[in-house]
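Heads up: the structure comes next, in structure tokens.
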Amino acid sequence: MEIELANRQTVRRILAHFALRAQKKWGQNFLIRPAVVADIAAAAGVGPGDRVLEIGPGIGTLTQGLARTGAAVTAIELDRRLVEVLAETLAAYPEVRIVSGDVLQTDVGALMEGQPFAVAANLPYYITTPILMYLLESRLPLTRLVLMMQREVAQRITAVPGSKNAGAITMAVQYRTQARMLFDVPPSSFMPAPEVMSTVVELVPRPAPPIAVADERLLFRLVKAAFANRRKVYRNNLKALYDGAAADAMLAAAGLDGNRRGETFTWEEWRRLTEAAHAYASK
Ligand code: SAM
């Protein structure tokens, strides 16, 4: 009979058997609720013939749920001791490939052989943003990402641009994907229990960005300036990048009031500002 890995006693037994302890520094909080695993695997929307990448399989709880969909699973794990554990816990699933390494140091596109793939993960929370940005900026053929993260980060990522919760990460993620929160997962669903509430987020790559700009890097420089010091009015943020006269000229050309805070700008307003800054740089 197949052993359910997402179970408190099973996780405890496996860790004891390998004389291991969950490593806080690597964000090791293992899922112990089969229903949560099943819901994440279902949300990934994969089945036979599909490919899915998992980041941080741990002892293999979510990996098992993904394997049960019939999809080909590639799972990258940083902790070498857990890679040894996975060889045993997932021995019954030939469609699972375990890769030992740091996802941030991995050429994920090459690993997935240039084929389209989904990503599903209960992320290590200490590097949620770097992982997200790495995946989104690598121009990978992603079909969908279903990621568990800290609730606070989920709220920021899915915030409406221009609203109170929005940050530079909101803009960076929503420029490339449509983001929505799927469901919350309480600390009691993990072992050890994290201190924070968790949320599963779905990101679906957009066929085209919400705005068309001539220079994407410039857009994100301007956005980052707003959130580097969000209490300042945007004119003062912009003066960190340009001299005062240039900043005022750009804001005027974009039809923006520099006494507003940048965090309140809409996509369309960012577009106008980026075009004004681009025109200024091309002079
Ligand atoms: N998927 C398992 C589960 O849901 O029970 C474990 C999730 S745990 C929150 C995060 C996992 O990511 C840990 O196994 C940790 O060792 C691994 N990890 C941490 N940093 C990593 C990195 N840079 N690359 C790959 N895996 C990493």
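The values are calculated or read from the model by the stated rules, or taken from the named source; none is laboratory data. The model shown is predicted, which means the values in this text are computed figures rather than measured ones. Heads up, the Cβs are rebuilt from the backbone with ideal geometry, glycines too, and the neighbour counts pull from every protein chain shown. Just so you know, the surface numbers come from the protein's heavy atoms only, side chains and all, with ligands and any DNA or RNA stripped out. Shrake-Rupley method; radii C 1.70, N 1.55, O 1.52, S 1.80 Å.
In region 259-282, is there at least one residue being surrounded by fewer than 17 Cβ atoms within 10 Å (Cβ to Cβ), touching a helix residue (DSSP H, G or I) at 6+ places or on another chain (Cβ under 6 Å) and among the small types (Gly, Ala, Ser)?
no
What pairs can you find where one residue is in region 233-249 and β-branched (Val, Ile, Thr), the other is open to solvent by less than 40 Å² (accessible area, probe 1.4 Å), and their Cβ atoms are less than 9 Å apart, with a gap of 6+ or different chains?
Val233/Gly258; Val233/Gly262
Would you please name the residue that is least open to solvent (accessible area, probe 1.4 Å), looking only at residues in region 91-133 that are hydroxyl-bearing (Ser, Thr, Tyr) and either without any contact (Cβ under 8 Å) to a residue 12 or more places away in the chain or touching a Ser or Thr at 6+ places or on another chain (Cβ under 9 Å) (or both)?
Looking at the filtered set, the residue picked out is Tyr93.
This table checks each residue for (1) of a type in the set (Phe, Trp, Tyr); (2) part of a helix (DSSP H, G or I); (3) in contact with a Leu (Cβ under 6 Å, 6 or more places away or on another chain).
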site: Glu113; (1), (2), (3): no, no, no
site: Met133; (1), (2), (3): no, yes, no
site: Leu140; (1), (2), (3): no, no, no
site: Leu147; (1), (2), (3): no, no, yes
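Sort out which residues of region 175-202 are open to solvent by 50 Å² or more (accessible area, probe 1.4 Å), touching a residue at least 24 places away in the same chain (Cβ under 8 Å) and in a strand (DSSP E or B), and write them in order of number.
Scanning region 175-202 gives Gln178, Met181, Leu182, Phe183, Asp184.
For the condition surrounded by fewer than 17 Cβ atoms within 10 Å (Cβ to Cβ), within 15 Å of the ligand (Cβ to nearest atom) and in the same structural domain as Pro187 (by TED's automatic domain parsing), what is the one hit in Arg139, Arg81?
It is Arg81.
Can you name the residue in region 16-35 that is open to solvent by 20 Å² or more (accessible area, probe 1.4 Å) and outside any loop (DSSP other than H, G, I, E, B) and, of all such residues, is nearest to the ligand (Cβ to nearest atom)?
Going through the qualifying residues, I end up with Trp26.
In this structure, is Glu2 outside the structural domain of Pro187 (by TED's automatic domain parsing), more than 9 Å from the ligand (Cβ to nearest atom) and open to solvent by 10 Å² or more (accessible area, probe 1.4 Å)?
yes
Name the residue, out of Ala208, Ala245, Ala212, that is part of a helix (DSSP H, G or I) and out of contact with any His (no Cβ under 9 Å at 6 or more places or on another chain).
Sole residue among the options that is part of a helix (DSSP H, G or I) and out of contact with any His (no Cβ under 9 Å at 6 or more places or on another chain): Ala245.
Name every residue in region 36-60 that is open to solvent by 10 Å² or more (accessible area, probe 1.4 Å) and within 11 Å of the ligand (Cβ to nearest atom), in order of residue number.
Correct list: Val36, Gly56.
Looking for something free of Cβ contacts under 8 Å to residues at least 60 places away in the same chain, touching a Gly at 6+ places or on another chain (Cβ under 8 Å) and in a helix (DSSP H, G or I) - is there at least one such residue anywhere in region 68-86?
Within region 68-86, one or more residues are free of Cβ contacts under 8 Å to residues at least 60 places away in the same chain, touching a Gly at 6+ places or on another chain (Cβ under 8 Å) and in a helix (DSSP H, G or I).
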